[in-house]
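Student: Can you read through this structure? Questions will come right after.
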Amino acid sequence: MEKAKRKKSKKKIIILSIIGFIIFLIILSNIFKGNKEPVITVQTETVEKRDITQIVSVTGKINPEYQVIITPEVTGEIVELPVKEGDSVKKDQLLIKIKPATYIAQKDRAKAYLESAKATLRMKIAQLDLVKIDYIRTEKLFKSGISNKQEMDNVKSNLVSYKAQLDAQKAIVSQGKASLKEAEESLYKTTIYSPMNGTISKLNVELGERVLGSGFSQGTDIMTVADLSKMEAEVEVDENDVVLVSIGDKAKITLDAFNNKVFTGVVKQIANSAKTRGLGTQEEVVNFDIKITLEDFDNKIRPGMSCNADIETETKKNVLAVPIQSVTARSEKQEQEEDKKKDENFGTKKIKKKKIKPKEVVFIIENNVAKMREVKIGISDDTYLEIKKGGIKQGEKVVIGPYRAISKELKHGSKIIVKKKEK
């Protein structure tokens, strides 16, 4: 019995010893593991000199460079419409004729009024001549003492009155001439001719339709005549990017309807005033209109087609460059500066927190160790950033990924393992 107890006790001791040894190994392993610095896996790329072109990407519509919207200046029914949409027209070719009957009547009425005014004018001239003769005769009689002063005053008054009537009638004749000219002009405006060589790109009316003149309102938009041999892209540029764009900048334009075909263009106009959408809301957007002339042309391009434009605002040749994703911003911890002056009310010390602006850095690999280098960047394209200043050289290896490692995990002196860049 005692022997069995001893064996059992010995067995317990062995089991406890084994358990204790395992616990000791686990603790020892955790200690060594905690002291061991983690190794970060990264991807790298060689720093090289490149040509970088800064691009502003925008969207817009294609429109003719020269186009005229035709609106009538008189109101009436369309009695002639010899063109249709898509027709080519020459300058001074008839586009539309509005029923002229009303305007012919206005002209005839104005002409008759003018003739009546002229006849009255001739009568006034004759009357004035008689009054002048009477005045001269009475004046001689008055000087010779035959006529009295009252008769002389009456004749003089008549002369002044008839001169005033003559002047008034002359004004009426001038008014009649102006009315006739206005009526003739309105009659002339019943026929509209093409202001330029071009194409009827839009036709909004039909024969027999009544149109409104633009004398008292905007008027009916009858048609648009456009020169389709010269096209331009009208795009909107954000207020932050418009300062980068200049007249004469080159642009590459793609149209949704032409798949991968690229057209070249030149910036010819930048708006001075902004277009604001959603004013006073969180969605407020401020853009500026820019016009880009297409240098190469395809006859299949039509007004209103949507387009994308990449405006090349600046190009630098043979500059040191790194991939965009390799540059990150790192900020130091907030520094506290103690103000030694005591607060008069509470007797406590004021603590001022000074925020330090984040600095732009890259990580260079040297002997499997990451070295953080502060840099100053310049222009960029879709892939690379120009390095204007910084402690990096051509041929060095810069970390380009993963994003988490660049933005958070990597520190100056971190050990790394370089993973090959996947294609």
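Student: Here is a list of conditions, (1) over 27 Å from Ala178 (Cβ atoms); (2) surrounded by 13 or more Cβ atoms within 10 Å (Cβ to Cβ); (3) without any contact (Cβ under 8 Å) to a residue 60 or more places away in the chain, and Thr102 meets all of them except one; can you say which number that is?
Tutor: Result: Thr102 passes all but (1).
Student: Still on this model: In segment 287-336, what count of residues is obtained for those that are closer than 19 Å to Thr53 by Cβ and exposed (fewer than 12 other Cβ atoms within 10 Å of the Cβ)?
Tutor: Result for segment 287-336: 2.
Student: Across segment 155-201, what is the number of residues that are among the β-branched types (Val, Ile, Thr), in contact with a strand residue (DSSP E or B) (Cβ under 8 Å, 6 or more places away or on another chain) and surrounded by fewer than 18 Cβ atoms within 10 Å (Cβ to Cβ)?
Tutor: The initial filter retains those residues of segment 155-201 that are among the β-branched types (Val, Ile, Thr), namely 155, 160, 172-173, 190-192, 199-200.
From what is left, the residues that are in contact with a strand residue (DSSP E or B) (Cβ under 8 Å, 6 or more places away or on another chain) are 190-192, 199-200.
So of that shortlist, the ones also surrounded by fewer than 18 Cβ atoms within 10 Å (Cβ to Cβ) come out as 191.
Residues meeting the conditions: 1.
Student: Looking only at segment 407-423, decide whether some residue is among the basic types (Lys, Arg), touching a Ser or Thr at 6+ places or on another chain (Cβ under 8 Å) and at pLDDT below 85.
Tutor: As a first pass, look at segment 407-423 and keep what is among the basic types (Lys, Arg): 408, 411, 415, 419-421, 423.
Going one step further and asking which of them are touching a Ser or Thr at 6+ places or on another chain (Cβ under 8 Å), we end up with 419, 421.
After this cut, where a residue has to be at pLDDT below 85 as well, the list is 419, 421.
Yes; the residues of segment 407-423 include at least one that is among the basic types (Lys, Arg), touching a Ser or Thr at 6+ places or on another chain (Cβ under 8 Å) and at pLDDT below 85.
Student: Among the residues of segment 220-256, which ones are of a type in the set (Ser, Thr, Tyr), within 27 Å of Thr315 (Cβ to Cβ) and not in a strand (DSSP E or B)?
Tutor: Answer for segment 220-256, where residues must be of a type in the set (Ser, Thr, Tyr), within 27 Å of Thr315 (Cβ to Cβ) and not in a strand (DSSP E or B): just Ser246.
Student: Moving on to the next point. Among the numbered conditions (1) over 30 Å from Gly304 (Cα atoms); (2) part of a loop (DSSP other than H, G, I, E, B); (3) of a type outside the set (Asp, Glu), tell me where Thr138 comes up short.
Tutor: (2)
Student: Further question on the same structure: Any chance segment 357-373 includes a residue that's farther than 20 Å from Glu45 by Cα, at pLDDT below 90 and either in a loop (DSSP other than H, G, I, E, B) or among the aliphatic types (A, V, I, L, M) (or both)?
Tutor: Yes, that holds for at least one residue.
Student: Just to check your reading of the model, which residue among Glu65, Glu80, Glu139, Glu45 is under 30 Å from Val242 (Cβ atoms) and in contact (Cβ under 8 Å) with a residue 12 or more places away in the chain?
Tutor: Details: Glu80 fails: under 30 Å from Val242 (Cβ atoms); Glu139 fails: under 30 Å from Val242 (Cβ atoms); Glu45 fails: under 30 Å from Val242 (Cβ atoms).
Just one listed residue meets the conditions, Glu65.
Student: Being of a type in the set (Ser, Thr, Tyr), within 27 Å of Gln67 (Cβ to Cβ) and out of contact with any Cys (no Cβ under 7 Å at 6 or more places or on another chain) is the requirement here; does Thr264 meet it? Lay out the reasoning, then the answer.
Tutor: Working: of a type in the set (Ser, Thr, Tyr): yes; within 27 Å of Gln67 (Cβ to Cβ): yes; out of contact with any Cys (no Cβ under 7 Å at 6 or more places or on another chain): yes.
Against the criterion (of a type in the set (Ser, Thr, Tyr), within 27 Å of Gln67 (Cβ to Cβ) and out of contact with any Cys (no Cβ under 7 Å at 6 or more places or on another chain)), Thr264 qualifies.
Student: Sticking with this one: Of the numbered conditions (1) outside the structural domain of Gly378 (by TED's automatic domain parsing); (2) more than 25 Å from the chain's Cα centre (by Cα); (3) within 30 Å of Ser407 (Cα to Cα), Asp238 fails exactly one; give the number of that condition.
Tutor: Every listed condition holds for Asp238 apart from (2).
Student: Return the only residue of Ser147, Ser217 being buried (at least 16 other Cβ atoms within 10 Å of the Cβ), among the small types (Gly, Ala, Ser), outside any helix (DSSP H, G or I) and free of Cβ contacts under 8 Å to residues at least 60 places away in the same chain.
Tutor: Numbers: Ser217 fails: buried (at least 16 other Cβ atoms within 10 Å of the Cβ).
Sole residue among the options that is buried (at least 16 other Cβ atoms within 10 Å of the Cβ), among the small types (Gly, Ala, Ser), outside any helix (DSSP H, G or I) and free of Cβ contacts under 8 Å to residues at least 60 places away in the same chain: Ser147.
Student: In segment 222-235, what count of residues is obtained for those that are at pLDDT below 90 and among the acidic types (Asp, Glu)?
Tutor: So the answer is 0.
Student: Return the residues of segment 309-327 that are assigned to a loop (DSSP other than H, G, I, E, B) and assigned by TED's automatic domain parsing to the domain that holds Lys261; say none if nothing qualifies. Explain how you work it out, then say what you get.
Tutor: Step one: list which residues in segment 309-327 are assigned to a loop (DSSP other than H, G, I, E, B), which gives 327.
Once the filter is applied, which keeps residues that are assigned to a loop (DSSP other than H, G, I, E, B) and assigned by TED's automatic domain parsing to the domain that holds Lys261, segment 309-327 yields nothing.
The values are calculated or read from the model by the stated rules, or taken from the named source; none is laboratory data. What you see is a predicted model, and the numbers here were worked out from it, not measured in a lab. Cβ coordinates were reconstructed from backbone atoms using ideal geometry, including for glycine residues, and neighbour counts include every protein chain displayed.
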